[in-house]
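Structure first, commentary second.
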Amino acid sequence: MVCTSGSALLNYYPAVAEAFYSDIPLVVISADRPSRMIDIGDGQTIRQENVFKNHSLYNANLVDGIEFEAKNSKLISKALKTATFKKGPVHINVPFDEPLYETVDLIPAKDITIDNQVSTYEMTHSFEYFGEKWNACSKKIILIGANYPNQKLQKQLIELAKDGSVLIFTESTSNLFDDKFINSIDKLIAPLSDAEFLDLKPEMLLTLGGMVISKKIKQFFRKHKPKHHLHVDEKNMQNTFHCLKFHFEMTPTSFFDGFLQHTKPVISSYQKRWLSVKENRNVKHIQFLKEVEFSDLKVVDLVLKSIPDQAQLHLANSSIVRYAQLFDNNPSIKTFCNRGTSGIDGSTSTAIGAAHINNKQTVFVTGDISFFYDSNALWNKYVKNDFRIILINNGGGGIFRILPEPSTTNALDYFETPHNLSAKHLCEMYQFQYESAVNEEELLQQLKIFFNDGKHPKILEIFTPNKINDKVLKNYFKNF
Ligand SMILES: Cc1ncc(C[n+]2csc(CCOP(=O)(O)OP(=O)(O)O)c2C)c(N)n1
């Protein structure tokens with residue numbers, strides 16, 4: 001990302017923080033004035049050096065002047081290497097003295113070599129040691145957070161799932177699929193009694209991937225701490241449940257390359273028992289959704305079923321990302337969400353950026369507050385014609401009606417931020433094709449043709465009744 005000096009740079013902060021917590025290589029290059037021009041009353045100047053210090057991996061503060069070329073080259077090289085190999089945001093601040101325009105016709109390009117730095121990590125214990133511990137447990141859970149689609153990892157996990165003592169928990173953003181995986185964590189655990197939770201409690205927990213969406217699973221592991229918690233990640237040591245014992249600083253696939261050679265199946269009824277609970281929940285889920293009235297839950301069901309195969313699906317940090325966890329994902333669809341900091345400020349921008357380099361269709365599903373908050377994202381000449389936005393407009397931040405705290409206090413108005421806006425005029429302004437639906441019949445009609453080719457990108461705005469959405473969701477969980 002490249003910008004001029006001043007507050008332009010500060011506008012990048014949410015994206016920098018997201019990249020920091022989502023391990024996304026991101027290079028920010030900002031123009032600046034020489035340090036002697038800062039804080040003396042000159043225009044459009046702020047303190048830019050190290051401005052992202054708390055959420056960046058490296059800050060290259062270049063120095064103005066041709067005599068510093070070698071020094072600046074080194075700083076730039078280090079910044080690019082860090083972003084690429086340590087996977088995160090870096091900031092290159094570039095001060096310029098006046099005259100600022102038409103000073104150079106050609107920038108002499110220099111090769112900046114980025115050699116592949118393979119980190120050498122030494123394990124304190126061997127795979128054999130962990131294999132023995134693993135084989136001694138009859139209840140094991142592998143929990144996977146946000147994960148980039150990875151066929152090899154999927155195969156390794158399918159192999160592990162052949163062991164009756166292993167349960168594999170995934171989320172929509174894990175992008176991993178198998179019938180034996182428990183892909184809908186909240187649906188499984190939300191209705192459990194204390195005794196059932198104790199029954200589910202594993203002796204060993206292995207976690208992989210980034211942020212976990214399910215709050216319920218976090219509460220569960222924090223309350224019922226497993227004896228051993230192992231985390232595999234080449235970079236981060238997330239002690240999410242306050243009981244982490246070992247961190248393997250490597251990719252999950254290289255971990256399993258070594259680890260699987262030392263594991264053997266253990267006789268246990270653990271997996272069978274919980275997969276039958278999963279089956280049972282799915283039967284009730286289908287029954288409930290057949291009869292449920294028009295609501296956010298029903299809309300999510302119909303929308304997710306209609307997304308074309310192979311599409312890339314982006315979810316906003318609205319309640320959609322939580323609702324999506326309750327449904328089976330289409331394995332041909334890759335699912336993403338900005339869960340590094342879970343901001344509502346940039347989901348549309350992210351989806352549009354991702355669509356630009358995706359040769360398949362990109363579909364973005366969002367709530368209204370997230371959508372209107374980031375509507376500047378539509379002001380962009382690179383929006384592809386096959387890009388589709390599904391906007392579930394429930395007239396405010398519906399998520400706050402679902403959470404018990406705001407909905408039982410007088411704070412709901414401030415949390416929910418009710419409004420009567422519609423995306424219709426934005427569509428006219430930014431030349432999106434606008435469609436809408438206010439009931440199930442209209443929605444089904446629209447979904448049949450919404451993903452077809454068109455001359456413009458399209459938005460389908462679905463109006464849902466905000467007063468019943470939370471009750472529907474409560475009844476859904478009661479149904480189990
Ligand atoms: C930048 C930022 N500000 C505030 C929040 C807190 N927040 C989380 S969800 C939400 C409301 C989302 O509303 P909407 O997009 O309409 O989705 P709904 O909950 O109705 O599905 C807010 C304000 C946030 N996550 N990020």
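Taking amide hydrogens as modeled 1.01 Å from N in the peptide plane, which residues meet the under 5 Å criterion relative to Glu461, leaving out close sequence neighbours?
Here the answer is Leu391, Glu435, Ser436, Ala437, since their amide H atoms fall under 5 Å of that of Glu461.
Please compute the contact order of the chain in relative form: average sequence separation of alpha-carbon pairs under 8 Å and at least six residues apart, divided by the residue count, as a percent.
Relative contact order for the chain comes out at 12 percent.
Taking only DSSP H segments of four or more residues, each worth -39500 (n - 2.57), what value at 222 nm results for the chain once the sum is divided by all its residues, to the nearest 500 deg cm²/dmol?
That calculation yields -10500 deg cm²/dmol at 222 nm.
Which lysines have a Cα less than 16 Å from the Cα of Lys74, not counting those fewer than 8 places away in the same chain?
Lys110
Using a cut-off of 20 Å between alpha-carbon atoms, which aspartates and glutamates can reach Lys187, once sequence neighbours fewer than 8 places away in the same chain are excluded?
Leaving aside aspartates and glutamates fewer than 8 places away in the same chain, those within reach of Lys187 are Glu171, Asp178, Asp179, Glu196, Asp199, Glu279, Glu291, Glu293, Asp296, Asp301, Asp328, Asp470.
Kindly state, to the nearest 0.05, the FRET efficiency for His356 paired with Tyr13, given R0 = 25 Å and r defined as their beta-carbon distance. Write down the numbers at each step before the final one.
Values: r = 22 Å, r/R0 = 0.90.
Efficiency at R0 = 25 Å is approximately 0.65.
What is the list of residues in region 338-381 whose amide nitrogen lies under 20 Å from a point 7 angstrom out from the Cα of Gln310, following Cα to Cβ?
Output list for this probe position: 354-364.
Report, in debye and to the nearest 20, how large the dipole of the chain comes out about its Cα centre when Lys and Arg carry +1 and Asp and Glu carry -1 on their Cβ.
Charge dipole, the chain, about its Cα centre: 1760 debye, nearest 20.
Apply the a/c threshold of 1.5 to the C-alpha gyration tensor of region 127-275 and tell me whether it is rounded, prolate or oblate.
Values: a/c = 1.28, a/b = 1.17, b/c = 1.10.
Rounded is the answer for region 127-275, as its axis ratio a/c remains below 1.5.
Over all distinct Cα pairs, what is the inverse of the mean 1/r for the chain, reported as the Kirkwood hydrodynamic radius in Å?
24.9
Give the calculated FRET efficiency between Arg47 and Glu440 to the nearest 0.05, with a Förster radius of 60 Å applied to their Cβ-Cβ distance.
Efficiency computed from Cβ-Cβ geometry: 0.65.
Answer with one residue from Pro252, Phe221, Pro265: the one whose Cα lies farthest towards the positive end of the charge dipole of region 171-289, charges on Cβ with Lys, Arg +1 and Asp, Glu -1.
So the residue furthest toward the plus end is Phe221.
Please work out the FRET efficiency for the pair Lys467 and Met237, using the Cβ-Cβ distance as r and a Förster radius of 51 Å; give the result to the nearest 0.05.
Calculated value: 0.70.
List the residues whose amide H sits under 5 Å from the amide H of Asp178, counting only those 5 or more places along or on another chain, with H placed 1.01 Å from N in the peptide plane.
Residues meeting the amide H criterion: none.
Could you list log10 I(q)/I(0) for region 431-480 at q = 0.20, 0.21 Å⁻¹, which the Debye formula gives when each Cα is one point scatterer?
Log10 of I(q)/I(0), two decimals: -0.76, -0.79.
Be a star and scan region 128-153 for residues whose amide nitrogen sits under 12 Å from the point 7 Å along the Cα-to-Cβ vector of Glu159.
152-153
Would you mind checking Lys86/Lys458; Lys218/Lys467; Lys201/Lys467; Lys245/Lys478; Lys53/Lys152; Lys381/Lys458 for any pair whose Cα atoms are more than 26 angstrom apart?
Pairs exceeding the cut-off: Lys86/Lys458; Lys218/Lys467; Lys201/Lys467; Lys245/Lys478; Lys53/Lys152.
Find how many whole Å separate the alpha carbon centroid of region 224-293 from the alpha carbon centroid of region 19-68.
The two parts, judged by their Cα centres, are 42 Å apart.
What is the spin-label model distance, in nm, from Lys290 to Ser126 if the labels are put 7 Å beyond Cα along the C-beta direction?
Here the answer is 5.7 nm between the modelled labels.
Quick check for you: which residues of region 8-30 have the amide N under 19 Å from the point 7 Å beyond the Cα of Tyr148 toward its beta carbon?
Under cut-off, by backbone N: 15-28.
For all pairs of alpha-carbon atoms in region 2-95, what percent lies in each bin of width 5 Å, listed from the first bin to the last filled one?
3, 15, 25, 24, 18, 11, 4, 1
Run the simple label-point estimate for Lys264 and Ser332 please: 7 Å along Cα→C-beta, distance reported in nm.
4.2
Can you find, among Met237, Ala161, Cys137, the residue farthest towards the positive end of the dipole of region 127-275? Put +1 on the C-beta of Lys and Arg, -1 on that of Asp and Glu.
Value: Cys137.
Roughly what would the spin-label model give for Lys381 and Lys227, points 7 Å off Cα along C-beta, in nm?
6.5
Based on DSSP H assignment, which helices of the chain show an axial Cα extent of at least 18 Å together with a mean Kyte-Doolittle hydropathy greater than or equal to 1.6?
none
Just so you know, all these numbers are worked out from the coordinates, no wet-lab data involved. Here the structure is a predicted model, which is why all the values come from computation and not from measurement. Please note: Cβ atoms are built from the backbone with ideal geometry, for glycine as well, and neighbour counts cover all protein chains shown.
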